Amino acid sequence: MLETEGRNALDAMAALREWEARYQRGETGWDRGSASPALMQWLEHMEPCRVLVPGCGRGYEVVELARRGFDVTAIDIAPSAIASLQSLLSREQVHARVIQEDLFTHKAEHAYDMLYEQTCLCAIEPKHRLAYAHLCRDWLRPGGRMFALFMQTGKPGGPPYHCDLLDMRHLFAEASWLWPDDAPLFVPQSSGRFELGYVLTRI
């Protein structure tokens, strides 16, 4: 059963240690080394706006969005991920607001126009998913859009955790989100897993 509360301080500290250790050990199989092809396709039809990238990792998508004039805020709990992103932003001479913190504590000063959800939800323990979905809604302005890539592993356990589409439909329910009628983007991974991309509109 889904729980509504976010992570407590102990959970957050454990998450920090776990993800930082993965970076230190080089266990970053989710890292393509470049921006997702889904984002590159979506960008063909997007105008610059205020965007949040939770769980940004090394942030190739953050850099691409910043390069195209978006006002980007990026969050990750792992110091190594944040350091890599800051170095990449400096090298590419583009700017984004980069925050190292537990995303469950992030409070937006102003609502965002866009949320880019890629490898964040699938990294969160399922018991915290409902709290994360509430945050996504709170972060976005009415009419704002969430560009979401739902990980399909077909296996129990994680991370990454399987994002069953029926579960996603309940998690991002029609009372708060408008789902598109068109087919999702299909994004394969070298691991054999794949992502399904949807653009949801916050009601």
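Please treat every number below as a calculation from the coordinates, not as lab data. Note that the structure is predicted; figures quoted are calculated from it, not measured. Methodologically, a virtual Cβ is constructed for each residue, glycine included, from the backbone with ideal geometry; neighbour enumeration extends over all protein chains shown.
Check residue 98: other-chain or 5+ apart residues with amide H under 5 Å from its amide H, H built from backbone geometry?
Long-range HN contacts for residue 98: 74.
Where Rh denotes the Kirkwood radius from the mean inverse Cα pair distance, what is Rg over Rh for the chain? If you can, show how the numbers build up before the last one.
On the way: Rg = 15.7 Å, Rh = 17.1 Å.
Computed over Cα atoms, the ratio is 0.92.
Using the Karplus curve 6.51 cos²θ - 1.76 cosθ + 1.60 with θ = phi - 60°, work out ³J(HN,Hα) for each residue of the stretch 31-36 in order, rounded to whole Hz, and write x for Gly and Pro.
Each residue of the stretch 31-36 in turn: 7, 6, x, 7, 5, 4 Hz.
How would you rank 56-67, 139-150, highest first, on the average number of other Cβ atoms within 10 Å across their residues? Spell out each step's value before the answer.
Working: 56-67: 23.3, 139-150: 20.0.
Order by mean packing, descending: 56-67, 139-150.
Once phi is turned into θ = phi - 60°, what whole-Hz ³J(HN,Hα) does the Karplus curve with 6.51, -1.76 and 1.60 give for every residue of the stretch 143-160, x standing for Gly and Pro?
For the stretch 143-160, the Karplus curve yields x, x, 10, 10, 8, 10, 10, 8, 5, 10, 9, x, 9, x, x, x, x, x Hz.
Which percentage, to the nearest 5, of the DSSP beta bridges contained in the chain is antiparallel?
Details: 14 of 30 bridges.
Beta bridges within the chain, antiparallel portion: roughly 45 percent.
Between residue 177 and residues 5 or more places away or on another chain, which pairs have amide H atoms under 5 Å apart, with H built 1.01 Å from N, and which residues are they?
Here 203 satisfy the definition.
Give a residue-ordered list of calculated ³J(HN,Hα) values for the stretch 120-125 (Karplus: 6.51 cos²θ - 1.76 cosθ + 1.60, θ = phi - 60°; whole Hz; x for Gly, Pro).
Karplus-based 3J(HN,Hα) across the stretch 120-125 equals 8, 4, 6, 9, 8, 4 Hz.
Which FRET efficiency, nearest 0.05, do residue 93 and residue 45 yield, Cβ-Cβ r, R0 30 Å?
Details: r = 26 Å, r/R0 = 0.87.
Here the calculated transfer efficiency is 0.70.
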